[in-house]
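Novice: Mind having a look at this structure? Questions to follow.
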Amino acid sequence: MGAGTKSDTALFDCRDAYVRTVEELAVTDNRIVAVVNDSVGSSKLGKFRDRFPNRLINVGIAEQNMVGVGAGLANGGKIPFVSGASCFLTARAMEQLKADCAYSHANVKLCGISSGVAYGELGATHHSIEDIAWLRAIDGMTVIVPSDPWETEQAIRAAASHDGPVYIRLSRMPVPALERTSPRFEIGKGEVLHEGRDVAIIANGTMVNRALEAAAALKSKGIGARVINMATVSPIDKDLLADAAATGAIVTVEEGLKQGGLGGAVAEFCAESAPVPMRILGFPGFLPTGSASWLLDEFGLTAAGIASAAREVLDKRA
């Protein structure tokens, strides 16, 4: 059964699903705490603060300290959800993410808010396109990029139950709720949202719905595109990647840097285990200032751009 959305489908902010789920978890588990970097508003944790005033710590604009506080709370038996704009949470606190969280196996849940180019108009300092590549490279760090509110809720619950550090990458751009055949989310497992035998399109986050739209356009041209939602980038679902490679052609698409992210993870697997023609769609590096919609259009991260890449990779296979 396929999955997708209509153009008039309601759109949702995944941050709402995030904070609602954290609050629900906190009701029954007093180990749940929140740590923020002067971002209660953008992280939408105001209700959590009002309901659990002694369980939210605002460290101010001090991301290194914020991650260190989270690691310390985890070492004390708490389950901290550390929230902040992903461009600052990752870039400013990389040493703490590596040493205090990943290498120390601290049970910290890191929630990067407003990822990708959601802050497009604020320029390169606020673009967060390198975060997946950075954190995927750190041994011991689980990296998840949910695609819609349901998957966000499921990812938060899975992260809370997971032993070890988890980075959950959330956008502030509204997305549709996707139709699914899978009844549950599991860390390290992807899911097929649309069947096809000619080419596999692997996406996550805000790009999943665009991949489904591309598959619909390709189907009208007689091309069967399998759409895979690969929410967990690390550890990645190698069994599903092997199935994707069996189509003979792969396109990856992500709202992030082309080098080292989802596309890099898929390419590494294919290079060693299942060589096939590939196209990696993402941002090439330093980006100009502009709205998120303009940046996505400019760099081909659209349904039309994905469909075009699929046709190109099929030509290479032939």
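Novice: Pick from Asp237, Asp50, Asp131: which residue has the top mean-square fluctuation in a GNM of the chain where Cα pairs under 10 Å get a spring?
Specialist: Asp50
Novice: Which of the chymotrypsin sites (Phe, Trp or Tyr not before Pro) found in the range 59-123 are loop residues per DSSP with 16 or fewer other Cβ atoms within 10 Å of their Cβ?
Specialist: Numbers: sites: Phe81, Phe88, Tyr103, Tyr119; in loops: Tyr103, Tyr119.
For chymotrypsin sites (Phe, Trp or Tyr not before Pro) across the range 59-123 that sit outside H, G, I, E and B with at most 16 neighbouring Cβ atoms in 10 Å, the list reads Tyr103.
Novice: In nm, give the distance between the simple-model label positions of Lys47 and Thr9, each being 7 Å from the Cα along the Cα-to-Cβ direction.
Specialist: 2.4
Novice: In the range 1-116, what is the count of Lys pairs whose alpha carbons are under 27 Å apart, counting only pairs at least 8 residues apart or on separate chains?
Specialist: Working: Lys44/Lys78; Lys44/Lys98; Lys44/Lys109; Lys47/Lys78; Lys47/Lys109; Lys78/Lys98; Lys78/Lys109; Lys98/Lys109.
Lysine pairs meeting both conditions in the range 1-116 amount to 8.
Novice: With a ≥ b ≥ c the root eigenvalues of the C-alpha gyration tensor of the range 13-57, is it rounded (a/c under 1.5), prolate (a/b larger than b/c) or oblate?
Specialist: Oblate, because a/c is 1.5 or more while a/b does not exceed b/c.
Novice: Considering only protein heavy atoms, with the full assembly of protein chains and a 1.4 angstrom probe, order Trp294, Trp150 by accessible area, largest first.
Specialist: Values: Trp294 105, Trp150 80 Å².
Largest to smallest exposure gives the sequence Trp294, Trp150.
Novice: Let me ask something else about it. When the expected Rg is taken as 2.2 N^0.38 Å, what fraction or multiple of it is the alpha-carbon Rg of the range 158-266?
Specialist: Details: Rg = 13.9 Å, N = 109, 2.2 N^0.38 = 13.1 Å.
Cα Rg divided by the expected 2.2 N^0.38 Å: 1.06.
Novice: Sticking with this structure for a sec: Using the heavy atoms of the protein chains and a 1.4 angstrom probe, tell me the accessible area per residue for the chain in square angstrom.
Specialist: Per-residue value: 40 Å².
Novice: Let me ask something else. Output the Kirkwood hydrodynamic radius of the chain, Cα pairs only, in Å rounded to one decimal. Display every interim value, and only then the final one.
Specialist: On the way: mean 1/r = 0.0513 Å⁻¹.
Taking the inverse mean of 1/r over all distinct Cα pairs, the chain comes out at 19.5 Å.
Novice: Using only the alpha carbons of the range 211-271, what is the convex hull's orientation-averaged projected area in square nanometres?
Specialist: Mean projected area of the Cα convex hull: 4.4 nm².
Novice: Now a separate question. With a ≥ b ≥ c taken as the square roots of the eigenvalues of the C-alpha gyration tensor of the range 115-188, please select rounded if a/c is under 1.5 and otherwise prolate if a/b is larger than b/c or oblate if it is not? Intermediate results must be reported in sequence, preceding the final value.
Specialist: Details: a/c = 2.64, a/b = 1.23, b/c = 2.15.
Oblate, since a/c reaches 1.5 and b/c is not below a/b.
Novice: Would you list, by chain and number, the lysines whose Cα falls below 28 Å from the Cα of Lys316, excluding same-chain residues fewer than 8 positions away?
Specialist: Lys219, Lys221, Lys238, Lys258
Novice: Same structure, new question: For Cys14, what accessible area in Å² do you get when you roll a 1.4 Å probe over the heavy atoms of the protein chains, rounding to the nearest 10?
Specialist: For Cys14, solvent-accessible area is about 10 Å².
Novice: Which distance in Å, rounded to a whole number, links the C-alpha centroids of the range 165-185 and the range 215-256?
Specialist: 17
Novice: Let me ask something additional. I want to verify a result. In a Gaussian network model of the chain, Cα cutoff 10 Å, which of these has the top mean-square fluctuation: Pro183, Pro174, Pro149?
Specialist: Pro183
Novice: Run the helix sum for the chain: -39,500 (n - 2.57) per DSSP H stretch of 4+ residues, divided by residue count, reported at 222 nm to the nearest 500 deg cm²/dmol.
Specialist: Calculated at 222 nm, the ellipticity per residue is -10500 deg cm²/dmol.
Novice: When the dipole is taken about the Cα centre of the range 22-94, and only Lys, Arg (+1) and Asp, Glu (-1) are charged at their Cβ, what size is it in debye, to the nearest 20?
Specialist: The calculated dipole for the range 22-94 is roughly 60 debye.
Novice: Using a Gaussian network model of the chain with C-alpha springs under 10 Å, which one of His127, His162, His194 is most mobile by mean-square fluctuation?
Specialist: Evaluated over the chain, the most mobile residue of the options is His162.
The values are calculated or read from the model by the stated rules, or taken from the named source; none is laboratory data. Values in this document were obtained by computation on a predicted structure and should not be read as measured data. A quick note on method: Cβ atoms are made from the backbone with ideal geometry, for glycine too, and the neighbour counts reach across all protein chains shown. Calculation scope for accessible area: heavy atoms of the full protein, side chains included, ligands and nucleic acids excluded. Shrake-Rupley method; radii C 1.70, N 1.55, O 1.52, S 1.80 Å.
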